[in-house]
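*Asks:* Below is the structure I would like to discuss, written out as structure tokens.
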Ligand code: BGC
């Protein structure tokens, strides 16, 4: 079977600053990783040295035949000390944006991908009374370098961020999927929504939205009401605030089953990935359908989807399934504008390098990039707009 995606569909690959750049020393996550006796197994350290090797990365994206690169700007580099904006950091990110444009790649720019400056966190983080104004000031500083950027993601996975707050409080790295985690800190969730609105105001005519971790919640044993309540706190309230946005970023990897007492473990015998998530490519199509039903009329951009596996054939298998589900949703009339595979590089997975999501391997000592066969397969899908099953 063969299906075709529409002309102009944006095919890309994604990464984020803290996970790829290395030495993000002024950020809160760096402090967490480097705390003596901390609970994270590995530090990000030099990461993929992407701060210096970004040209090579863009060349790979271009060479594969993709049309977009999603990356994030690091607030902790732009404003390492409160109120002190680094013009050199802004110039760096402007070069990155121009590097994309020169290569014919659409830069899909995220302003906040999980990490904040350490000073921001020490001053009370997202629930401090000044938090929204602090974020607004950062967005205002970044705005002048965004010329030519077709879409800006204000905050990556605010739902996950508000759930991770609990993880950090509990001093425990959750190995399971986000949607099975404790509910988000509601005060933080609301602060993030206010920050998103403030950012959109500052961005004016620049097209913007935010990206939500979609968990494809599924009720079992008649637990429909529980599932609805569970999904509301962890996902739907974050979709609802995006109802007037220019786009919504869908990020889906797996599903979460909800029984009468909450999230259920992955079913016995189910196939799992390195992150221990259920291998469930259908999650993407389902997440896109759920999002479109929740906020009809908002164009969808898949800003993340992928699999942590050491078996590159399995990456192709998973992505084929995910794209088939995506295509079927589009054939049913859902407005999806593009797909960004997570991730371009094998990068730092929030406490460990073990889960390899990348289309491209990175040598941990030399930083040499090796394009995997799955990347060439994906490039072919992108170039031809055709998926063969
Ligand atoms: C995040 C990424 C992360 C990926 C895989 C998303 O939650 O935005 O930073 O690497 O999922 O876990």
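*Asks:* Ranking request for peptides 304-311, 126-133: highest mean number of other beta-carbon atoms within 10 Å first, then the rest in descending order.
*Replies:* Working: 304-311: 21.8, 126-133: 15.9.
My ranking of the peptides, most packed first, is 304-311, 126-133.
*Asks:* Could you work out the relative contact order of region 56-127? I mean the mean sequence separation of Cα pairs under 8 Å and 6+ apart, divided by the number of residues, in percent. Walk me through the numbers before you get to the answer.
*Replies:* Details: 79 pairs, mean separation 31.6, N = 72.
Computed value for region 56-127: 44 percent relative contact order.
*Asks:* Dividing the convex hull volume of the alpha carbon atoms of the chain by its residue count, what do you get in Å³ per residue?
*Replies:* Expressed per residue, the convex hull around the Cα atoms of the chain is 133 Å³.
*Asks:* If the elastic network links every pair of Cα atoms under 10 Å, which of 344, 239, 40 fluctuates the most in the Gaussian network model of the chain?
*Replies:* The residue that fluctuates most here is 40.
*Asks:* When only C-alpha pairs under 8 Å and at least 6 residues apart count, what is the relative contact order of the chain, in percent?
*Replies:* On the way: 799 pairs, mean separation 75.7, N = 389.
Reported relative contact order: 19 percent.
*Asks:* Among 245, 261, 49, which one shows the biggest mean-square fluctuation in a GNM of the chain, springs joining Cα atoms closer than 10 Å?
*Replies:* 261
*Asks:* Counting helices only, and only those DSSP H runs with n ≥ 4, report the 222 nm mean residue ellipticity of the chain as the sum of -39,500 (n - 2.57) divided by its residues, in deg cm²/dmol to the nearest 500.
*Replies:* On the way: 14 runs with 149 residues, N = 389.
Theoretical 222 nm ellipticity from helices: -11500 deg cm²/dmol.
*Asks:* Restricting to Cα pairs below 8 Å that are 6+ residues apart, what does the relative contact order work out to for region 13-134? Please round to a whole percent. Walk me through the numbers before you get to the answer.
*Replies:* On the way: 177 pairs, mean separation 38.6, N = 122.
Taking the mean separation of contacting Cα pairs over the length of region 13-134, I get 32 percent.
*Asks:* Please compute the modelled spin-label separation between residue 293 and residue 4, points set 7 Å along Cα→Cβ, answer in nm with one decimal.
*Replies:* Those two pseudo-labels are separated by 3.1 nm.
*Asks:* Then there is this: Taking the beta-carbon count within 10 Å as an exposure proxy, list 160, 181, 1, 340 from fewest neighbours to most.
*Replies:* Values: 160 24, 181 21, 1 6, 340 27.
Lowest to highest Cβ neighbour count: 1, 181, 160, 340.
*Asks:* I've got another one for you. Provide the percentage of antiparallel DSSP beta bridges, counting only those with both residues in region 2-383; round to the nearest 5. Please report the intermediate quantities before stating the final value.
*Replies:* On the way: 8 of 43 bridges.
So the antiparallel bridges in region 2-383 amount to around 20 percent.
*Asks:* Let me ask you something else. Choose one answer from 86, 16, 208: the residue with the largest mean-square fluctuation in a GNM of the chain with alpha-carbon springs under 10 Å.
*Replies:* Taking springs between Cα atoms under 10 Å, the residue moving most is 86.
*Asks:* Using the C-alpha atoms of region 253-389, what convex hull volume per residue, in cubic angstrom, is computed?
*Replies:* Numbers: hull volume 18.8 nm³, N = 137.
For region 253-389, the hull spanned by Cα atoms encloses 138 Å³ per residue.
*Asks:* To the nearest 0.05, what FRET efficiency results for residue 264 and residue 186 with a Förster distance of 22 Å applied to their C-beta separation?
*Replies:* Numbers: r = 24 Å, r/R0 = 1.08.
Result of the calculation: an efficiency of 0.40.
*Asks:* Another question, then. May I ask you to sort 290, 112, 18 by Cβ crowding, counting other Cβ atoms within 10 Å and putting the fewest first?
*Replies:* On the way: 290 21, 112 27, 18 24.
The fewest-first ordering by Cβ neighbours comes to 290, 18, 112.
FYI, it's all coordinate maths here, none of it is from the lab. Bear in mind that the values here come from a model prediction, so they are computed numbers and not experimental data. When we count neighbours, we look across all protein chains shown, and the Cβ atoms used for this are built from the backbone with ideal geometry, even at glycine.
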